[in-house]
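Data block below; observations after.
The values are calculated or read from the model by the stated rules, or taken from the named source; none is laboratory data. Remember, predicted model here, so these are calculated numbers, not experimental data. Reconstructed Cβ throughout: ideal geometry from the backbone, glycine too, with neighbour counts over all protein chains shown.
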Amino acid sequence: MDRQTLGKRGEDLAAEYLEGLGWRVVERRWRCAAGEVDLVAVEPGERPVTVFCEVKTRSGLGFGEPLEAITRAKMARLRILAAQWMRERHPRTMSRVDGIGILLRPGWDPLITHVRGIS
Amino acid sequence: MSLAIATSIGLIGVRGVPIEIEAAIGGGLPRTILVGLPDTALYEARDRCRAAVASSGLAWPAQLVTINLSPASLPKTGSHYDVGIVAAVLAASGVVPAELLPATVFLGELGLDGRLRPVRGLLPALLGARAAGLVRAIVPMPQVGEASLVEGMTVWGARSLADMVEILHGRPVPVSAVSAEDTAPAPENAAPGKDLADVSGQPDARWALEVAAAGRHHVFFHGAPGAGKTLLAERLPGILPELGLGEALEVTAIRSLAGLAVEGLSRRPPLSSPHHSASVASLVGGGPRMPMPGAISVAHRGVLFLDEAPEFSPRALEALRVPLESGEVTLSRAAGQVTYPARFQLVLAANPCPCGYATTPGSECRCTPLTIRRYAERLSGPILDRIDIQQQLRPLRRAYLTDERAEPSAAVAERVRLARERQGWRLAGTPWSTNGEVPGAHLRRDLAPREGTDVLDRAVSRGQLSARGVDKVLRVAWTLCDLAGRDQPSGSDVRTALLMRLGHELSSAV
């Protein structure tokens, strides 16, 4: 599996996982001049929240945990992208940025780590 | 969010203060942060600990790990917190049970392979831990001997993190066979080959050394090169009485802090002989943030020997004046103030002039009178004024070398011990234990000699002796009478003491 397919497979798994939680995925790989958001989903509830998800997929632990790859610079960019998206679509909800780490070791079940509110 | 607390010790001088290491796991992206005023070496603990845990086959939590060292206001320094940090993190992540964490103190630096490395200041740290009510300790295996000097604590030696995990699970750790043998207290006579029997001739100087040892007097040897000044001074610790348990612990604690090897408790008074190029900081102690003990503290309860004393920088020598009076040294830094004990006996040795032969009859000194005076003036009045005994050594004559073997240290040490016993009885109920420490007021009021005061009066009226000088002479006179086993210094004791103080020839040469 090359890098693109691994990333794509991870995003598919993450979307499946979020839908399993009852969330509605509203956007995948949303792009603008500032960059790309992997997943945008809406967490239902009394006050729904628009959640911007950064998905990190790894095929092993040789380079550390998947979520460790989210740097400060990446988080800053995610905040800018989230603001941009909210300006364009202006949904009447709060927003949040989450991190989803996926470990796809060959021969193992995928391991999903979900950290809410990373920035 | 899960939390665990382990305890380690921070050192402020020789005082150990408990430091709580809190580890909280959860609530963010995987990252490890260390807060609570750590210095650079301590901040690196984070990376050392992670690597050590990984190479021990354990998992570092893949979550936000916050490690806090409290009290957060106390500046913390050093690498000995590693083991405590890992213990707290492993307990918080549930790898080890937390039952043993309270009342256990963790000390040790970690290698990247998970090995526990020895740390500086283990002994004072454990003494502080015991005083704070901690009853168990996990220390690096090589330092079990040092740790066992602290009575009343259960000490576990760990070679590696794996050992520590076993201990915290309450499982026994195989003790390597060597540890019991290696950690036996060091043999008491720790200065082999340094016996007074090796010193040929010099009966006067040997006697001066004995008096200095008996009364704990500061002494100044001067004379031609090769006369045996260094030889004699190095043998002083060998004739001093052994240290008491409390004193020996103080001495060993400072050795441990200074990073010197500690193999059990040595009852022999220490000898510290810094080279004359010594800086002020290396002599009295120094360094940024938390200053380290210097040579004068390593000489605490023992002997500070300054060979070639005029070659020391004037600043270094003058720095000795306050510790000589107070028996301790206080070093102040922006981060705090540290006091190290420094109750040492000073031994100075010097040549009479740069070429060394000014006082040797029959040899040609190449120095001009001005050079000789300049050389002598490098030892300032305030320093020389604190010296009780000045002794000149003459070059050896052939006849001395054919002498039968001189008296060994053990015989001299026995006389010194008896003299110290007499001082102990006389000074019972006072804060002092030797003649050298008794302040002048007490000396003149309660211990004035019945004979020989007329000699002192004459010396003072001639300007040979200052008021402080009178006290010095009286102290040495008492020591002479203690060595002779008399109850009161005789007129002869006072006269001898006066001669020792004036140092025969130096007073006329300078």
I need the full set of residues from segment B:29-48 which are among the polar types (S, T, N, Q) and in contact with a helix residue (DSSP H, G or I) (Cβ under 8 Å, 6 or more places away or on another chain), in order please. B:THR32
Considering only helices (runs of 4 or more DSSP H) fully contained in segment B:380-497, which possess at least 2 residues that are out of contact with any His (no Cβ under 6 Å at 6 or more places or on another chain) and touching a residue at least 40 places away in the same chain (Cβ under 8 Å)? B:381-384, B:398-401, B:409-426, B:453-461, B:467-484
B:PRO61: without any contact (Cβ under 8 Å) to a residue 60 or more places away in the chain and either over 12 Å from B:LEU3 (Cα atoms) or touching a Phe, Trp or Tyr at 6+ places or on another chain (Cβ under 8 Å) (or both), yes or no? yes
Kindly indicate which of B:VAL53, B:VAL119, B:VAL96 is farther than 30 Å from B:GLY13 by Cβ, touching a helix residue (DSSP H, G or I) at 6+ places or on another chain (Cβ under 9 Å) and away from every other protein chain (no Cβ under 14 Å). B:VAL96
Residue among B:GLY246, B:GLY238, B:GLY259 that is modelled with pLDDT under 90 and in contact with a Lys or Arg (Cβ under 9 Å, 6 or more places away or on another chain): B:GLY259
Among the numbered conditions (1) within 14 Å of chain B (Cβ to nearest Cβ); (2) small (Gly, Ala, Ser); (3) within 16 Å of the chain's Cα centre (by Cα), tell me where A:GLY7 comes up short. (1)
Please find, among B:LEU320, B:LEU393, the residue that is surrounded by 14 or more Cβ atoms within 10 Å (Cβ to Cβ), touching a helix residue (DSSP H, G or I) at 6+ places or on another chain (Cβ under 6 Å) and either within 30 Å of B:LEU483 (Cβ to Cβ) or in the same structural domain as B:PRO241 (by TED's automatic domain parsing) (or both). B:LEU393
Suppose we filter segment B:212-223 for residues that are part of a loop (DSSP other than H, G, I, E, B) and farther than 15 Å from B:GLY503 by Cβ; how many remain? 1
Among the residues of segment A:74-89, how many are in contact with a Ser or Thr (Cβ under 7 Å, 6 or more places away or on another chain) and within 13 Å of A:CYS32 (Cα to Cα)? 3
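One line per residue, one yes/no per condition, for (1) more than 13 Å from chain B (Cβ to nearest Cβ); (2) crowded, with 19+ Cβ neighbours inside 10 Å; (3) not in a loop (DSSP other than H, G, I, E, B):
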| residue | (1), (2), (3) |
| --- | --- |
| A:GLY45 | yes, no, no |
| A:VAL51 | yes, yes, yes |
| A:GLU54 | no, yes, yes |
| A:LEU61 | no, no, no |
| A:GLY64 | no, no, no |
| A:MET75 | no, no, yes |
| A:ILE80 | yes, no, yes |
| A:GLN84 | yes, no, yes |
| A:HIS114 | no, no, yes |
Give the residue that is surrounded by the most Cβ atoms within 10 Å (Cβ to Cβ), with candidates limited to residues of segment B:23-55 that are in contact with a Gly (Cβ under 9 Å, 6 or more places away or on another chain) and either within 13 Å of B:VAL83 (Cα to Cα) or not assigned by TED's automatic domain parsing to the domain that holds B:ALA87 (or both). B:ALA52
Would you confirm whether or not segment B:87-96 contains a residue that is outside any helix (DSSP H, G or I) and surrounded by 20 or more Cβ atoms within 10 Å (Cβ to Cβ)? yes
Failed criterion for B:ARG486 (all others in (1) basic (Lys, Arg); (2) more than 33 Å from the chain's Cα centre (by Cα); (3) more than 30 Å from B:ASP195 (Cβ to Cβ) hold): (3)
Residues being part of a helix (DSSP H, G or I) and of a type outside the set (Lys, Arg) - total across segment A:1-27: 15
Single condition A:LEU39 does not satisfy, out of (1) within 13 Å of the chain's Cα centre (by Cα); (2) within 14 Å of chain B (Cβ to nearest Cβ): (2)
When (1) touching a helix residue (DSSP H, G or I) at 6+ places or on another chain (Cβ under 9 Å); (2) outside any helix (DSSP H, G or I); (3) surrounded by 17 or more Cβ atoms within 10 Å (Cβ to Cβ); (4) within 14 Å of another protein chain (Cβ to nearest Cβ) are applied to B:THR7, the one that fails is (4)
Can you tell me which residue among B:ALA299, B:ALA258, B:ALA233 is under 22 Å from B:THR77 (Cα atoms) and either of a type outside the set (Phe, Trp, Tyr) or outside the structural domain of B:PRO142 (by TED's automatic domain parsing) (or both)? B:ALA258
Would you mind finding the one in B:THR330, B:THR360 that is surrounded by 14 or more Cβ atoms within 10 Å (Cβ to Cβ) and part of a loop (DSSP other than H, G, I, E, B)? B:THR360
Could you give every pair whose Cβ atoms fall below 6 Å, whose first residue belongs to segment B:201-228 and is not assigned by TED's automatic domain parsing to the domain that holds B:PRO352 and modelled with pLDDT of 95 or more, and whose second residue is crowded, with 21+ Cβ neighbours inside 10 Å and not aromatic (Phe, Trp, Tyr), counting only separations of at least 6 or pairs across chains? none
Mind checking which helices (runs of 4 or more DSSP H) fall wholly inside segment B:230-312 and carry at least 1 residues that are under 16 Å from the mean Cα position of the chain (by Cα) and polar (S, T, N, Q)? B:245-257, B:280-284, B:295-298
Hey, A:ARG92 modelled with pLDDT under 90, more than 12 Å from chain B (Cβ to nearest Cβ) and either outside any loop (DSSP other than H, G, I, E, B) or more than 20 Å from A:MET1 (Cα to Cα) (or both) or not: yes
Residues of segment B:10-31 being part of a strand (DSSP E or B), at pLDDT below 90 and within 14 Å of another protein chain (Cβ to nearest Cβ), in sequence order, are B:ARG31
Qualifying residues in segment B:65-74 (those that are surrounded by fewer than 19 Cβ atoms within 10 Å (Cβ to Cβ) and closer than 17 Å to B:ALA87 by Cα) - the one farthest from the other protein chains (Cβ to nearest Cβ): B:SER70
Being surrounded by 23 or more Cβ atoms within 10 Å (Cβ to Cβ) and polar (S, T, N, Q) is true for just one of B:GLN337, B:GLN345. Which residue is that? B:GLN345
